[in-house]
Amino acid sequence: MEGANVKKVRSSDLELKDRLVALNRVTKVTKGGRTFTFAAIVVVGNENGVVGHGLGKAKEVQEAIAKGIDDAKKNLVKVPVRKGTIPHSQEGKFAGAEVLLKPAAHGTGVIAGGAMRAVLESVGITDVLAKSKGSSNPHNVVKATIKALTDMRDANTVAQMRGVKVEKVFNG
């Protein structure tokens with residue numbers, strides 16, 4: 001998941017909001033009976049271009065969510081957001097999950113399903129068209145969405161990489 005232009009972010013100076021994507025009850029059968037544990041997939045973001053995901057496992061729901069939030073704060077990345085949408089179309093793939101993201105006009109809203117919607121809203125994207133293809137496993141869909149978002153490049157990044165001015169990027 002480490003791309004060339006992935007910018008890691010520290011959580012200490014950000015005001016992050018968390019969203020629970022999925023909560024799974026896992027059962028282990030032992031000699032003494034069934035033991036229940038919970039696995040929580042959590043997405044955190046500041047709704048201004050920073051997002052992270054985490055997994056927390058514990059015997060209590062609240063503890064699993066808290067662990068997931070702590071894990072998500074360790075995986076924060078910066079994403080380019082332009083006027084409430086994404087700079088360009090992008091596909092992302094992680095394991096069996098594939099996602100397609102397309103920029104949308106102002107007022108369109110977030111057209112995306114469960115796990116993708118949580119990631120996109122946490123980033124601060126307000127207008128986007130999204131499609132999840134392949135596996136619907138929430139963990140893989142979240143990772144594929146974040147991969148697609150981190151692979152995006154805005155015009156300033158492209159101009160710096162090419163060593164030209166931003167106007168030259170658009171005018172060829």
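Here, each number is a calculation from the coordinates, and none is a lab measurement. These numbers come from a predicted model, not from an experiment. In this analysis, Cβ positions are derived from the backbone assuming ideal geometry, glycine residues included, and neighbour counts consider all displayed protein chains.
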Quiz prompt | About the Cα centre, charge dipole magnitude for the stretch 33-138 (Lys/Arg +1, Asp/Glu -1 at Cβ), debye | solution = 180
Quiz item: How far, in degrees from 0 to 90, does helix 61-73 lean away from the longest principal axis of the Cα atoms of the chain, to the nearest 10?
Solution: 30
Quiz item: LEU14 versus LYS31, label points 7 Å from Cα toward the beta carbon: distance in nm?
Solution: 4.7
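Please compute one quarter of the surface area of the Cα convex hull for the chain and express it in square nanometres.
11.6
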Practice problem: Pull out a ≥ b ≥ c, the square roots of the eigenvalues of the alpha-carbon gyration tensor of the stretch 87-150, then state rounded if a/c is under 1.5, prolate if not and a/b is larger than b/c, and oblate in the remaining case. | Solution: prolate
Quiz item: Given the Cα-Cα distance of LEU100 and LYS168 and 0.36 nm per residue of separation, how much length would full extension add, in nm?
Solution: 21.7 nm
Quiz item: Taking GluC sites (Glu not before Pro) that fall in a DSSP loop and have at most 16 other Cβ atoms within 10 Å as cut points, what is the longest piece of the chain between them?
Solution: 61-172
Practice problem: Any chance you could list P(r) for the stretch 19-116, counting all Cα-Cα pairs in 5 angstrom bins from zero, rounded to whole %? | Solution: 3, 11, 15, 19, 17, 13, 9, 6, 3, 2, 1, 0
Quiz item: What spacing in nm lies between the two simple spin-label points modelled at GLU60 and GLU47, each 7 Å away from Cα in the Cβ direction?
Solution: 2.9
Quiz item: Put +1 on the Cβ of every Lys and Arg and -1 on every Asp and Glu Cβ in the chain; which of VAL141, GLY124, VAL169 then has its Cα farthest towards the positive end of the dipole?
Solution: VAL141
Quiz item: Can you flag which of LYS28/LYS67; LYS102/LYS143; LYS78/LYS131; LYS74/LYS165; LYS131/LYS168; LYS17/LYS131 are past 26 Å Cα-Cα?
Solution: LYS74/LYS165; LYS131/LYS168
Quiz item: Once the Cα atoms of helix 114-123 and of the chain are each reduced to a long axis, what angle between those two axes, in degrees from 0 to 90 to the nearest 10, is obtained?
Solution: 50
